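Below is one structure; the comments refer to it alone.
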């Protein structure tokens, strides 16, 4: 689960991470009032959306008067911001964060993430803050440092000082960084985060370390024990179909193709999407119904697919083990009884209760296209999509 910048800063503040003062507003009038209340002579207006790259897309603007703040907020609120992370559709800006301007001496990049290669939490940092870390990794890999934190051992003081030294911080500044890194690690572990990113973390002219921007993401599987974090969820920022699927325990991710997919098992789902592309078409979604599937969840999965107006065909690829083929069949029958099956459905049912599932479909009279293996299923789905185009 992602949160907004202002929410990430609020969470991190509880762990001693300091950020510039700011105010969240949803109108241009309130933006001007916020600037006046914050005081100073420089402010930054930041669009609050769940995507990076806002600055290059016009979603971060430096202003030198309350009037400029008001105009910047008026330009942003209600507009659609398209960044490298939003896709072509962009994201609607509903609120902006008005923040005090800061005199910056240096900028750094600092993040924590799950290091799957090292099987631990790792810091990643660079003295080149404010830039795309991917570009730094390609152009200047020596400017990036990885600091793994051994599971169960915790963050050590010498690791903090090594990171501070890599960033060029010494003395009291190094001690401040050590406290900040410790706070970040505590936030990451106690809040079940999957990512914390400060880009940039800045050293001010006064020698203070501030999180000028902050991003946090959290492990969805741990939200049941993170009530405060769960309350930060902004459903307006989420794909509507993905949010609806999540409510029924379905693993669903929207894509930009025309063939809807329902599969059991993530590996089989990936293989199904790959072979659809090999047949010259593109998958419209990732949908893994999982091992504990019920008629209700399968029915909801089909409803989601039938309701997607961009689909030209649906491919159901079930290799029944824990999942029973008759449950998948009954879910399809239930869904068809409630909403129209607008596009062709290609069905491959193999495994547990396979014959029962096929019998249910035949007796229902639903017109599906049967496939014996995955290659044939993908071929039929691609052909059906081209027929419907």
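The values are calculated or read from the model by the stated rules, or taken from the named source; none is laboratory data. Just so it is clear, the structure is predicted and the values come from calculations on it, not from any experiment. A quick note on method: Cβ atoms are made from the backbone with ideal geometry, for glycine too, and the neighbour counts reach across all protein chains shown.
For this structure, a couple of remarks:
- Candidates in the range 242-253 are the residues that are touching a helix residue (DSSP H, G or I) at 6+ places or on another chain (Cβ under 7 Å) and surrounded by fewer than 19 Cβ atoms within 10 Å (Cβ to Cβ); of these, the one that is nearest to residue 344 (Cα to Cα) is 253.
- Residue tally, condition touching a helix residue (DSSP H, G or I) at 6+ places or on another chain (Cβ under 8 Å), outside any loop (DSSP other than H, G, I, E, B) and crowded, with 22+ Cβ neighbours inside 10 Å, over the range 261-287: 8
- Exactly one residue among 54, 64 is out of contact with any helix residue (DSSP H, G or I) (no Cβ under 8 Å at 6 or more places or on another chain) and within 21 Å of residue 17 (Cβ to Cβ), and that residue is 54.
- Identity of the residue in the range 320-330, under 15 Å from residue 291 (Cβ atoms) and at pLDDT 90 or above, that ends up surrounded by the fewest Cβ atoms within 10 Å (Cβ to Cβ): 324
- For residue 26: the one exception among (1) surrounded by fewer than 17 Cβ atoms within 10 Å (Cβ to Cβ); (2) farther than 21 Å from residue 235 by Cβ: (2)
- Residue within the range 185-206 that is closer than 15 Å to residue 124 by Cβ and assigned to a helix (DSSP H, G or I) present: yes
- Scanning the range 247-273 for residues that are within 20 Å of residue 223 (Cβ to Cβ) and at pLDDT 85 or above gives 252, 253, 266.
Per-residue answers, yes or no, for (1) over 30 Å from residue 64 (Cα atoms); (2) not in a helix (DSSP H, G or I); (3) not assigned by TED's automatic domain parsing to the domain that holds residue 52:
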site: 128; (1), (2), (3): no, yes, yes
site: 138; (1), (2), (3): yes, no, yes
site: 153; (1), (2), (3): yes, yes, yes
site: 164; (1), (2), (3): yes, no, yes
site: 183; (1), (2), (3): yes, no, yes
